[in-house]
Amino acid sequence: MPFRFPVKFEIPKHCYVNARVLKDQFKRIQYAEHEVTRNALKHIARNTELAGSVRLEAQLQLAAMPKYTSPTQIRDRCVASGNGKWVIKDFKLNRTAFRERARAGIIPGVTKASW
Amino acid sequence: MIRTGSKRLLGLNLRLFSTGPKLFAAQKLTPAELLQQKTQEKLQQQEFEKSLLQGELEYKPKYLSENAVKGSGTKPIPINVELLKYKPIRLPKTHGHKVVSMKFRGYDETDINIAIEFASRAAFYLGIPVSGIMKQKTEKRLYTVIKSPFAQAKSKENFYRTTFNYKLDAFDANPEVVDLWLSYVNKHALETVHYTAKIITRESANFVEQLDSVSVEDVKIPEGFKDSNDPIMSKVDELLKSDAFKKHMDQ
Amino acid sequence: MSVVLKKLPTKERLLQAKKLSAEIFGEIWNPQSVRNGAKILRAPLKGPEVVKYYGTNDSMPTFKDFKEWFPELKLVDPREEIRMNMVISRKKRNKGAPKKKSS
């Protein structure tokens, strides 16, 4: 079976893996790799001291970069279930995964609230 | 000030239970007597230092109680082990200049207490005066999640995460001793506690004159973006020199 | 030793001092606050943090790694065993996954 991503990368070992997690991991790696180039182009495009044509060229090149190198394509997913919705950032867990663990008392410091 | 019916009883109680400095036992000495006492202390100190340099030390541990440990021979518990039962002893401040303020942060209060007591005991044995264990504000962060895995979004469940904060200040210590203390605490740091230490250093009044005597090689001045190896700036230079941008730059 | 200021220095003089301090501390001198994209240069790179979200593979070995390193031990993952048994039993009852389309 052919590798479905344009570039080969290491599959994460220590979290729940499904197709969507893999896709996200691929985007993360690509973003980290191209971050310097993107920021350099962005710097040229936003620098008003440079000539207009140079800035336009930089903006065009930035827009022509693959979509998977963009930071806006990255979405935090649940580490335990791969879910992309309702993920609590402090724990990297989806609401159901979080509730299960919190009720079992696995997450340090988290208890059922009562007031 | 506590007022009781009989003065005598209070005095008795004080004598029985006070463990602090003897307030009432202070004797007034004449200057000659004081001088004599001081010279004697000095001589004793010198003798002690001499004995330290000569061969092996004589093992004479001090004991708080004479209870023998059950099951492990006849050896009584050394005083520093026995003191673990009590609050950490503190040394009095000499000048009151704050040197370090340590912060302890974590989700488990007992772990933080172990860490902070360890630090203050270590400070006592290193001769650093420290403040008492100060509790800071406890943070509580609330998380409200939907109870069911699907639908029925009205019924929710609340959780909170409590983060405990503690503080410990150290005073009047040499920077070298402070480094020793902090590295010792760091060596035996607990994984569940987050330690931060703010170290305060003082310069002498003629700091400006000292700066003048420092050569250029000793001081590292931060460099700007242009000549440094900042990755983005070097990439910008590289891009601007490429063919795609060159034609625009020439215009 | 101490010098008492009789009056405030002029605006030009203050600007000069600010420029000098910027030169010394390697900051970008931009009094007119022209948009020169400096804030993009100033921001730290986020990439290394972003990649670590799902954990680093080198942090800890997994069961599969041990199996690979010590094949002579014939290690068996009990959870994987249970899963395989379930799949086999389901297949026996004709409840297994459908066959792939062949064309």
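Bear in mind these aren't lab numbers, they're just calculated from the coordinates by the rules spelled out. Since we're looking at a predicted model, the values are computed, not measured. Cβ placement follows ideal geometry from the backbone for every residue including glycine, while neighbour counts extend to all protein chains displayed.
Some observations on this one:
- Helix content alone sets the calculated 222 nm mean residue ellipticity of the protein assembly as shown: runs of n ≥ 4 DSSP H residues at -39500 (n - 2.57) each, divided across all residues, give -12500 deg cm²/dmol.
- In the stretch C:60-103, the trypsin sites (Lys or Arg not before Pro) that fall in loop regions by DSSP, at most 13 other Cβ within 10 Å: C:Lys74, C:Arg93, C:Lys95, C:Lys99, C:Lys100, C:Lys101
- Of the GluC sites (Glu not before Pro) found in the stretch B:131-207, the ones in coil according to DSSP and having at most 16 other Cβ atoms within 10 Å of their Cβ are B:Glu191, B:Glu203.
- Share of pairwise Cα separations in chain C, more than 16 Å, in percent: 82 percent
- Hull volume in cubic angstrom per residue (convex hull over the Cα atoms of the protein assembly as shown): 464 Å³
- The dipole here belongs to chain A: it is taken about the Cα centre, uses +1 on the Cβ of Lys and Arg and -1 on the Cβ of Asp and Glu, and is about 600 debye.
- Taking trypsin sites (Lys or Arg not before Pro) across the stretch B:112-141, the ones in a DSSP loop with at most 15 further Cβ atoms lying within 10 angstrom of their Cβ are B:Lys137.
- Cα-based helix-to-principal-axis angle, C:11-24 vs chain C, degrees rounded to 10: 40 degrees
- Taking GluC sites (Glu not before Pro) in DSSP loop conformation with at most 10 other Cβ atoms inside 10 Å as exposed sites, chain A has its longest uninterrupted site-free stretch at A:50-115.
- Remark: B:Met249, C:Met86, B:Met102 ranked as C:Met86, B:Met249, B:Met102, counting other beta-carbon atoms within 10 Å and listing the fewest first.
- Counting every other Cβ atom within 10 Å of each residue's Cβ, A:Asp24, B:Asp250 order from fewest to most as B:Asp250, A:Asp24.
- Dipole magnitude of the stretch B:103-191 about its Cα centre (Cβ charges: Lys, Arg +1; Asp, Glu -1), debye to nearest 20: 760 debye
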